[in-house]
1. Return yes when V241 is within 16 Å of the ligand (Cβ to nearest atom), more than 29 Å from D167 (Cα to Cα) and surrounded by 21 or more Cβ atoms within 10 Å (Cβ to Cβ) and no when it is not.
2. Filter the stretch 241-255 down to residues that are among the hydrophobic types (A, V, I, L, M, F, W, C) and at pLDDT below 95, then give me how many there are.
3. Where in the stretch 65-181 are there strands (runs of 3 or more DSSP E), lying fully within it, with 1 or more residues that are in contact with a His (Cβ under 6 Å, 6 or more places away or on another chain)?
4. Out of everything in the stretch 184-202 that is in a loop (DSSP other than H, G, I, E, B) and more than 16 Å from the ligand (Cβ to nearest atom), what residue ends up being modelled with the lowest pLDDT?
5. Would you point out which residue out of E154, E229 is in contact (Cβ under 8 Å) with a residue 40 or more places away in the chain and charged (D, E, K, R)?
6. Can you name the condition, by its number, that L205 falls short on among (1) at pLDDT 95 or above; (2) away from the ligand (no atom under 13 Å from the Cβ); (3) touching a helix residue (DSSP H, G or I) at 6+ places or on another chain (Cβ under 6 Å)?
7. Looking only at the stretch 161-171, which residues are touching a Lys or Arg at 6+ places or on another chain (Cβ under 9 Å) and open to solvent by less than 30 Å² (accessible area, probe 1.4 Å)?
8. Which of the residues spanning the stretch 172-188 are touching a residue at least 12 places away in the same chain (Cβ under 8 Å) and surrounded by fewer than 15 Cβ atoms within 10 Å (Cβ to Cβ)?
Amino acid sequence: MTRPFKGFGLGLRTDHYQYIIDNKPDVDWFEILSENYMVPGGKPMAMLDAIRVDYPMVMHGVSLSIGSTDPLNQSYLQALQQLIERVEPMWVSDHLCWTTVNHKNSHDLLPLPYNEETIDHVAERIMQVQDYLGQQILIENLSSYVTYHESEMEEWEFLSEIAKRADCLILLDINNIFVSAHNHKFEPIDYIHAIDPERVMQFHLAGHSYSGNMIIDTHDHNVCDPVWELYGRALQHFGAVSTMIERDDNIPTFQELRTELAIAEKIALETLPADMLEINNYQLKGVA
Ligand SMILES: [Fe+2]
């Protein structure tokens with residue numbers, strides 16, 4: 001197993017900056033939203049620098065638009081690279097989606113048609129990004145609410161094939177699997193069992209909301225019991241995977257989120273041997 005395990009992290013949110021600086025809470029790492037720090041200075045950047053002194057970080061983006069037919073946004077990649085040099089993250093991720101068309105930003109993470117043509121297109125673009133950044137990136141599975149007539153395979157086949165062809169890594173969002181399984185009526189465990197454990201570098205966990213007979217990925221609630229159960233089953237398949245909770249709305253105190261993260265730690269300890277959960281050192285495979 002070459003995949004590293006970095007422990008349990010939380011999303012870094014502005015509400016918690018001062019608490020973290022003052023208390024240096026026991027968290028293994030933080031995930032930052034890259035776009036929030038693509039600025040030359042200001043208070044968020046100062047807070048980021050201060051917190052980075054004490055914690056490893058990973059960078060998570062929403063604007064790469066890897067599935068778009070627009071050319072890759074070179075100024076975005078440049079800003080991303082500058083932030084990577086500043087933060088020195090353990091790894092960098094974005095979503096398996098498209099957000100822009102004709103250079104107009106939808107401000108939403110839109111799903112792709114699952115077919116060979118799209119695999120070719122997206123894998124090629126991921127390779128271009130990896131070449132530019134000089135490292136592998138992680139791509140994350142979305143929660144989705146629509147499908148395309150043009151889709152010819154299951155989402156997990158699409159994700160797996162892209163990761164293989166681009167030689168990239170996967171950020172597997174367990175809640176998104178649960179949400180999409182409900183909305184599209186598949187078994188979430190089938191998704192998990194189809195993904196190569198060697199590709200999965202990180203898990204996301206989050207809460208969601210019901211809207212009629214759909215589930216919406218709102219990140220404004222605690223992680224629900226069925227998602228915790230799926231997390232345990234994912235650990236059985238993947239082994240130890242660096243795990244974090246995403247909370248973007250209705251944000252509780254830092255201590256409440258830390259207590260919720262402890263549930264993930266407890267499930268991991270109950271599911272896996274303790275030596276598998278020791279945090280290890282690892283260098284991402286560079287891209288020549
Ligand atoms: Fe996520």
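The values are calculated or read from the model by the stated rules, or taken from the named source; none is laboratory data. Predicted model only: the values in this text are computed from it and were never measured. Backbone-built Cβ (ideal geometry, glycine too); neighbour counts: all protein chains shown. Heavy atoms of the whole protein, side chains included, go into the accessibility calculation; ligands, DNA and RNA do not. Shrake-Rupley method; radii C 1.70, N 1.55, O 1.52, S 1.80 Å.
1. Working: within 16 Å of the ligand (Cβ to nearest atom): yes; more than 29 Å from D167 (Cα to Cα): no; surrounded by 21 or more Cβ atoms within 10 Å (Cβ to Cβ): yes.
Judged against the criteria, V241 is not a match.
2. Step one: filter the stretch 241-255 for residues among the hydrophobic types (A, V, I, L, M, F, W, C), giving 241, 244-245, 251, 254.
Now drop any that are not at pLDDT below 95, which leaves 251.
Here the count works out to 1.
3. Values: elements: 92-95, 98-101, 104-110, 138-140, 169-173.
Correct list: 92-95, 104-110, 138-140, 169-173.
4. Here the residue is K185.
5. Numbers: E229 fails: in contact (Cβ under 8 Å) with a residue 40 or more places away in the chain.
On inspection, the qualifying residue turns out to be E154.
6. (2)
7. Step one: list which residues in the stretch 161-171 are touching a Lys or Arg at 6+ places or on another chain (Cβ under 9 Å), which gives 163-164, 166-170.
Matches in the stretch 161-171: A163, A166, C168, L169, I170.
8. Step one: filter the stretch 172-188 for residues touching a residue at least 12 places away in the same chain (Cβ under 8 Å), giving 172-180, 182-184, 186, 188.
Of everything in the stretch 172-188, just one residue is touching a residue at least 12 places away in the same chain (Cβ under 8 Å) and surrounded by fewer than 15 Cβ atoms within 10 Å (Cβ to Cβ), namely H184.
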